[in-house]
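Okay, so here's the structure we're looking at.
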Amino acid sequence: MPVVTFLPAGVSVEADPGTSLLDAARQANVPIRNDCGGQGICTRCQVEVKRGEVAGRGSGGGLAEGRFLACRTLVAESDLEVYLPEETREVETEVTLRRTDPFPADYPPPGAMVETVELDLPAPNLDDNVSDSERLVRRLRKWRDAEYHIPLGVLKDLPVRLRDAQWRADVTVSVEPWGSRILRVGRPARKKPYMVAVDIGTTAIKAQLLAPEAGWVASCYNSQVMFGPDVISRIIHCQRDEEHGCPALKQLVVQDIERLIAALLDAQGVEREDVWALVVSGNTTMIHLFLGLYPVWIRREPYVGCAYLLAPVRPEDVGVNINPAGRVFCLPAVSSYVGADITAGVLATGLGDRKRPSALIDLGTNGEIAIGCEEFLVCCSASAGPAFEGGGSASGTRARPGAVESVWSEGTLRWRTVGDEPPVGICGTGYIDLLATLVRERIMDKTGRFVAGAPGVVQRDDEFLYVLAPAEQAAGGRDIILTQADVENLVRAKGAIYAAGSVLLESLGMDWGDLETIMLAGGFGDRLNKDNAVTIGLLPDVPRERIAFVGNTSLQGAVMVAQDAANYWKARDIAGKMTYFELSTHPDFMDRFVSACFLPHTDTEKFPSVSAAQE
Amino acid sequence: MPVPDVSERLSGAINEVTIGATEEQGGSRTRTVTIGGETSFPMLSFEGRYPHPPAFALQITAADVDDWHAEAKKHVADVAGDLEKWAGKCEEWGADLICLDLAAAHPDSGGRSPEQCADDVKRVLGASGLPLVVWGTDTDEVDNNILPKCTQAAAGENCLFGTAKELNYRTLAASCLADSHKIIAEAPSDINLSKQLHILLKDVGVNLQDIIMHPTTGALGFGMVYIYTTIERGRIAGLSGDTLMQQPVVVNIGKEIGRVKEAVSPEEESPQWGKVQVRAPLWEAATAVGYVEAGAELLVLRNPEALQQAKTALEALWPKPPESA
């Protein structure tokens, strides 16, 4: 079997003739940048073949001499040396750690999904000779009335441990849909069980350590990105490769979560054994892939997933390395395209407790909108694509040190980065500012096309693009740019979100103006400029005090569930209460979408403040 | 029992746009043509004002007419190749305007230079007193090359120039502004795209009152239904007060008829369809009348016979002003 060696990493892998270089790289765990899921469209997977013969070659159009598309180039009979140019290697695998407000010393509070209680049990005697397990459950019921289940593993050494603890034992219990599960019985350890809350985004994954005095959020790109930028291309991959597709994607996301947990534990000096629970949020497809559930029917009419309401599972069943007796909880989803992330978001923002209707817009790759109050909850999804999360764009990045997070004009365009570090790319809030500023400065027209000859606009390979920061200022030594294709993706993303919200509101006989608050959620930066979000028509033109930027509510919701089991029930209640609107079959959606694919919107009267500012 | 008044009162009106300038107005046209101004849907005479009947332009071109279908070609055979003669004929045939098609500038059709095109414009203006529509080539690069010269050549004549498109509007908009012409905004069968283009034109300084919109054109039996509903929906929006949809509509019918087999297939091939010399003009006229019913105000035809038929039909159909007025 031919051996393919990837340079400069120097990693080799055996590959059958006929395997694409991209698949070989995936097998070798060598990340190759790729935004289209290996369909030969994005041309980001360019490699150079240094030695050996290959079969096929990505369509020559626009490829430089000696360059091949890894997804379209096949291993032939000979061994190969394949060099990955710098831009092809630009898959960020690095974990970013960010400090947050630390939790109190007595965290997590009583009532968490997993907690340890110290119990005094009466020692058995001839008058009170119930079994050890009944004795334990009897005592636990006095502490908290519930059904208790003692798994065999705990039962086995229960007698020894209770006696070893001299009937004064720490009992660690988890909340389960049917009651409680006893995870551990032993001598008092005076250590609370720690947890990790996880948000699996299509583009980025975030995890927060829930432990005393911990104040860390770790994030990284979802490595599944190498199989395509959105949930659809990943589902297609599962379908195309029935045997390995789904397990491969599952393994990638589990590895990502492993790396995040490792970074969190390392930062806080905590042992894996001390982590007793993962509480996981994310869209329906991401949760499917995390659990290894075959997701293919999510994509086919009538769009049905395997499971939305999931029971807790054992860590080893998922493959995550925390305390083996711990639990993995997944938040409930509503439908195939309205996932646990939106359930978590509704929980975190209290949307369902409000007196007056408000909206929650989750600007993720799989965008979702929920509208409601204490009386009703409705939701829909709108595929926004990864543009605002920095995916699929020439200089896109997630919100991390060095990401351009705000842009404004002082005659010339100015920008600042997260942490004031040299720019590595542009994150979501930076893109919002950049589009708004370019339109305002008339460097771009309202369809998003660059004006030839405007300052900063240059022509490369027959295409206009805007150079925000030249290579000599940038951290990566390459220009930080905005291309016409980037703009199109951003405009489509914001158009889809706005159109979805409009159609959903119309279905309710309401208007944006009827909403008390419009909450924008997402992990695309901390410095949302509301005026700019309205200027590009991402958000409606309502009084700015009604707009609230609420951050990553998916992760916040997961944290809330972890630390208070009451929220676990509430999340299930929310998921059950929410009415899902299918937009793909809605007759007006396409029309609304086209009219929203303009800056700010084709119906200018809907954006009076923007028109007034431009006059 | 009195009959209740069920007529709708609409808040908007279609813009009135005048094409052409007489000597007093700084041009050399013997008359001008005004279209638009309606306050209700077409033909609903009991509901609104219809100050101007639809206007008809006949297409002329310096390009070869080999690709014209036979029934249209036979009328122009004598004058094809002589723009001035052809232009003079148009008035005789009953046209309200002349539409000079610049297809000859396209590299595939002879590649006439910008100067030659500008000269064509001048010669047509000299040969006829009718207001002039000048239609570009559908190729952005060629249009951007020739149209500025042509607008300049027609400065003062208040012509109608087209077409501006979403991807290519700046050059033509700037030339029309500089030389005071009206402009055709072309957006393929979509109200939103059309409105977006009007906003873009407005942003570069074009007055919304100076725009005529072209939703693109399909002949009867060849996509007319799509354009018909687009015009209709746009009209509903405009009459309801949307200033971005209050522009009159032009359709360029003549060049579409040749695509329709039923209209031009010769008798020996399709005897069941009857005489082609009846069929072809009727098809063009029927398409034109259909578009007027949708709301179009300016119709560009090729076949003079079709023009006469359509005009005759519309004289009977077009609402007369109320007696009391």
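Things worth noting here:
- Counted as qualifying within segment B:209-285 are the helices (runs of 4 or more DSSP H) with 2 or more residues that are in contact with a helix residue (DSSP H, G or I) (Cβ under 6 Å, 6 or more places away or on another chain), namely B:224-239, B:261-264.
- Every condition in (1) modelled with pLDDT under 95; (2) more than 19 Å from the chain's Cα centre (by Cα); (3) aliphatic (A, V, I, L, M) is met by A:Val275 except one, and the failing one is (1).
- Residue that is farthest from the other protein chains (Cβ to nearest Cβ), among those in segment B:185-210 that are in contact with a Leu (Cβ under 6 Å, 6 or more places away or on another chain) and crowded, with 21+ Cβ neighbours inside 10 Å: B:Ala185
- The residues of segment A:421-449 that are among the hydrophobic types (A, V, I, L, M, F, W, C) and away from chain B (no Cβ under 12 Å), listed by number, are A:Val424, A:Ile426, A:Cys427, A:Ile432, A:Leu434, A:Leu435, A:Ala436, A:Leu438, A:Ile443.
To keep it simple, each residue is scored yes or no on (1) surrounded by fewer than 22 Cβ atoms within 10 Å (Cβ to Cβ); (2) within 12 Å of chain B (Cβ to nearest Cβ).
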site: A:Arg572; (1), (2): yes, no
site: A:Thr579; (1), (2): yes, no
site: A:Ser584; (1), (2): yes, no
site: A:Phe593; (1), (2): yes, yes
site: A:Phe598; (1), (2): no, yes
site: A:His601; (1), (2): no, yes
site: A:Pro608; (1), (2): yes, no
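- Screening the candidates B:Ala55, B:Ala80, B:Ala13 for the property of being at pLDDT below 95, of a type outside the set (Val, Ile, Thr) and crowded, with 18+ Cβ neighbours inside 10 Å yields one hit, B:Ala80.
- Considering segment B:225-236, and only residues there that are more than 14 Å from chain A (Cβ to nearest Cβ) and in contact with a strand residue (DSSP E or B) (Cβ under 9 Å, 6 or more places away or on another chain), the residue that is nearest to B:Leu10 (Cα to Cα) turns out to be B:Arg235.
- Complete set of residues in segment A:283-322 that are touching a Phe, Trp or Tyr at 6+ places or on another chain (Cβ under 7 Å) and closer than 20 Å to A:Thr553 by Cβ: A:Thr284
- Qualifying residue in segment A:508-528 (condition: assigned to a helix (DSSP H, G or I) and surrounded by 22 or more Cβ atoms within 10 Å (Cβ to Cβ)): no
- Which numbered condition B:Ala178 fails, given (1) within 12 Å of chain A (Cβ to nearest Cβ); (2) more than 18 Å from the chain's Cα centre (by Cα); (3) of a type outside the set (D, E, K, R); (4) part of a helix (DSSP H, G or I): (1)
- Qualifying residue in segment A:372-383 (condition: in the same structural domain as A:Ala565 (by TED's automatic domain parsing), crowded, with 24+ Cβ neighbours inside 10 Å and either of a type in the set (Val, Ile, Thr) or within 22 Å of A:Val534 (Cβ to Cβ) (or both)): yes
- Leading residue by the ranking (farthest from the other protein chains (Cβ to nearest Cβ)) among those in segment B:158-172 that are surrounded by fewer than 22 Cβ atoms within 10 Å (Cβ to Cβ) and not in a strand (DSSP E or B): B:Thr171
- Residues of segment A:495-507 satisfying the condition of being buried (at least 21 other Cβ atoms within 10 Å of the Cβ) and either touching a strand residue (DSSP E or B) at 6+ places or on another chain (Cβ under 8 Å) or assigned to a strand (DSSP E or B) (or both): A:Ala496, A:Ile497, A:Ala499, A:Ala500, A:Gly501, A:Val503, A:Leu504, A:Leu505
- Test result for B:Leu239, buried (at least 22 other Cβ atoms within 10 Å of the Cβ), within 13 Å of another protein chain (Cβ to nearest Cβ) and modelled with pLDDT of 95 or more: no
- Matching residues, segment A:441-464, being farther than 18 Å from B:Arg170 by Cα and surrounded by 15 or more Cβ atoms within 10 Å (Cβ to Cβ): A:Gly456
- Verdict on B:Val142 being in contact (Cβ under 8 Å) with a residue 60 or more places away in the chain and either touching a Cys at 6+ places or on another chain (Cβ under 8 Å) or among the aliphatic types (A, V, I, L, M) (or both): no
- Here A:Pro423 passes the criteria (1) surrounded by fewer than 22 Cβ atoms within 10 Å (Cβ to Cβ); (2) assigned to a loop (DSSP other than H, G, I, E, B); (3) in contact (Cβ under 8 Å) with a residue 12 or more places away in the chain except the one numbered (1).
- One residue stands out in segment B:266-325 among those that are of a type in the set (Lys, Arg) and exposed (fewer than 14 other Cβ atoms within 10 Å of the Cβ): the one that is nearest to B:Thr61 (Cα to Cα), namely B:Lys275.
- No other residue among B:Leu147, B:Leu125, B:Leu100 is touching a strand residue (DSSP E or B) at 6+ places or on another chain (Cβ under 7 Å) and assigned to a strand (DSSP E or B) apart from B:Leu100.
- Taken together, the residues in segment A:576-615 that are out of contact with any helix residue (DSSP H, G or I) (no Cβ under 8 Å at 6 or more places or on another chain) and assigned to a loop (DSSP other than H, G, I, E, B) amount to 5.
- Qualifying residue in segment A:298-320 (condition: under 17 Å from the mean Cα position of the chain (by Cα) and closer than 20 Å to A:Lys206 by Cβ): no
The values are calculated or read from the model by the stated rules, or taken from the named source; none is laboratory data. Bear in mind the structure is a predicted one, so any value in this text is a computation, not a measurement. In this analysis, Cβ positions are derived from the backbone assuming ideal geometry, glycine residues included, and neighbour counts consider all displayed protein chains.
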